[in-house]
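**Student:** The following block contains the structure, expressed as structure tokens.
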């Protein structure tokens, strides 16, 4: 499976989650998340993809400069629309484009480092980042919405899934 196909699979599973969650449950602050919501984690996933797509066109990506659109964290329908737009944009993303990643790993403002990268490497990063937040979403659903069910592989890294298959065959 290609990296683009793998991204489509996980984003489709986020869309499936969004179709089953109510708006009230989606925006509800959860103690297990220290007061953030399922919607905030979903917005975070979406905005990293949006940031990569938009910024790669100018040759520089900085995930700290994402929009933080409240609609995406409060309205599952808006999040679904945004994910469909992301999927369309990924289909034509120039994976071999050389770009610069700007990062500030410090708490001080203005301390920015630049790292050369390519769009494909950043697509792998946002894929892994999405899986991490999907795992958190799964914890929130199990904790706060026990009647909602997510697939067993929701939020599980491909390497873990491969490892599980390898161990069950041994």
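The values are calculated or read from the model by the stated rules, or taken from the named source; none is laboratory data. Since we're looking at a predicted model, the values are computed, not measured. Glycine also receives a Cβ, built like all others from the backbone with ideal geometry; neighbour counts cover every protein chain displayed.
**Student:** Of all residues in region 145-170, count the ones that are in a helix (DSSP H, G or I) and either touching a helix residue (DSSP H, G or I) at 6+ places or on another chain (Cβ under 7 Å) or within 21 Å of residue 93 (Cβ to Cβ) (or both). So that I can check it myself, show each step before the final result.
**Tutor:** Taking region 145-170 and keeping what is in a helix (DSSP H, G or I), we get 158-169.
Applying the additional criterion that residues be either touching a helix residue (DSSP H, G or I) at 6+ places or on another chain (Cβ under 7 Å) or within 21 Å of residue 93 (Cβ to Cβ) (or both) yields 158.
Residues in region 145-170 being in a helix (DSSP H, G or I) and either touching a helix residue (DSSP H, G or I) at 6+ places or on another chain (Cβ under 7 Å) or within 21 Å of residue 93 (Cβ to Cβ) (or both): 1 in total.
**Student:** In addition: Tell me the residue from 122, 102, 81, 85 that is surrounded by 12 or more Cβ atoms within 10 Å (Cβ to Cβ), in contact with a strand residue (DSSP E or B) (Cβ under 8 Å, 6 or more places away or on another chain) and within 22 Å of residue 6 (Cα to Cα), please.
**Tutor:** On inspection, the qualifying residue turns out to be 122.
**Student:** Got a sec? Which of 141, 165 is more than 17 Å from residue 47 (Cβ to Cβ) and buried (at least 19 other Cβ atoms within 10 Å of the Cβ)?
**Tutor:** Numbers: 165 fails: buried (at least 19 other Cβ atoms within 10 Å of the Cβ).
Of the residues listed, the single one that is more than 17 Å from residue 47 (Cβ to Cβ) and buried (at least 19 other Cβ atoms within 10 Å of the Cβ) is 141.
**Student:** Can we say residue 117 is exposed (fewer than 12 other Cβ atoms within 10 Å of the Cβ) and either more than 19 Å from the chain's Cα centre (by Cα) or closer than 23 Å to residue 64 by Cα (or both)?
**Tutor:** no
**Student:** Which number in (1) assigned to a loop (DSSP other than H, G, I, E, B); (2) crowded, with 18+ Cβ neighbours inside 10 Å; (3) without any contact (Cβ under 8 Å) to a residue 40 or more places away in the chain marks the one condition that residue 110 misses?
**Tutor:** The single condition residue 110 does not satisfy is (2).
**Student:** Restricting region 34-46 to residues that are over 13 Å from residue 11 (Cβ atoms) and modelled with pLDDT of 95 or more, which is surrounded by the fewest Cβ atoms within 10 Å (Cβ to Cβ)?
**Tutor:** 36
**Student:** Kindly indicate whether any position in region 131-154 is in contact (Cβ under 8 Å) with a residue 24 or more places away in the chain and on the phi > 0 side of the Ramachandran plot.
**Tutor:** The answer is no, given that none of the residues of region 131-154 is in contact (Cβ under 8 Å) with a residue 24 or more places away in the chain and on the phi > 0 side of the Ramachandran plot.
**Student:** Please go through region 50-74 and pick out each residue that is within 27 Å of residue 23 (Cα to Cα) and surrounded by fewer than 18 Cβ atoms within 10 Å (Cβ to Cβ).
**Tutor:** Hits for region 50-74 are 64, 65, 67, 68, 69, 70, 71, 74.
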